[in-house]
Amino acid sequence: MATRARAGRAGRADRMRMPMLAGWLFVDLLLVLFLAALGGLPAGDTGAEPAVAPPPAPSAEPTPKAGPRVVERKPYTFTVRVSPLALRSGADTPAARRLLSGVTRELARLAKAKPELERREVGFVLALGAGPDSDKGPSIAGAHEAIRTLQSRHPMFKNAADIGRGYWTEGPATSVEFVVLFYSD
């Protein structure tokens, strides 16, 4: 019986020897590949001084700022009493004129409170057309038309291509609420 037990253990050892050898071979090959990869890297510090490019000659003209314009994070909100439903008639209506005068008045009030806003352009605007919950579409369309009217006829909104979005807010259809963000320059 003792010989059978020894023979069983010897058979298991032979069966385990091949996977163990394969594992060691894999680890050795991985180590060789790692060392070859390290040898292929460029040298870190050679001790030589890096070449320094001469500074550019100063120009007489100031260079314009590169990159996109930045919008400030602080929003300014105000409400103009004009029906968003009446704004859907177009940009040359009494409602559009009331919108323009109301926005001009509110922006002047903001500039009086914060003089740094006086010459800044509007970077982004949300227009919230008030209306009943049962019929949001006309109020949203009026808010979109308010933004289009401001883009085409108000000087602080002229240089912006796609600056705003029209949304709905609940309430009587007698006002448009604006959330305005100015460019930081």
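Summed over segment 102-141, residues that are buried (at least 18 other Cβ atoms within 10 Å of the Cβ) and among the aromatic types (Phe, Trp, Tyr) total 0.
For beta carbons closer than 7 Å, sequence separation of 6+ or different chains, a first residue in segment 74-86 that is charged (D, E, K, R) and a second that is in a loop (DSSP other than H, G, I, E, B), the qualifying pairs are Arg81/Thr174; Arg81/Ser175. Within segment 157-165, identify whether any single residue is in a loop (DSSP other than H, G, I, E, B), surrounded by fewer than 17 Cβ atoms within 10 Å (Cβ to Cβ) and touching a residue at least 40 places away in the same chain (Cβ under 8 Å), and answer yes or no. No, the conditions are met nowhere in segment 157-165. Going through (1) within 20 Å of Thr174 (Cα to Cα); (2) modelled with pLDDT of 85 or more; (3) of a type outside the set (Asp, Glu); (4) out of contact with any His (no Cβ under 8 Å at 6 or more places or on another chain) one by one, Ser89 falls short only on (2). Annotation note: of Ser139, Ser152, the sole residue that is over 16 Å from Thr174 (Cα atoms) and in contact (Cβ under 8 Å) with a residue 12 or more places away in the chain is Ser152.
Only one of the listed residues (Ala95, Ala113) is closer than 19 Å to Ile140 by Cβ and either within 30 Å of the chain's Cα centre (by Cα) or assigned by TED's automatic domain parsing to the domain that holds Phe157 (or both). That residue is Ala95. Applying a threshold of 9 Å to beta carbon distances and a minimum spacing of six or more residues, or different chains, the list of pairs starting in segment 118-134 at a residue that is in contact (Cβ under 8 Å) with a residue 60 or more places away in the chain and ending at one that is among the basic types (Lys, Arg) reads Glu121/Arg69; Glu121/Lys158; Gly123/Arg69.
The values are calculated or read from the model by the stated rules, or taken from the named source; none is laboratory data. It should be emphasised that the depicted structure is a prediction, and the values quoted were computed from it without experimental measurement. Glycine gets a Cβ as well: all are built from the backbone with ideal geometry, and neighbour counts include every protein chain shown.
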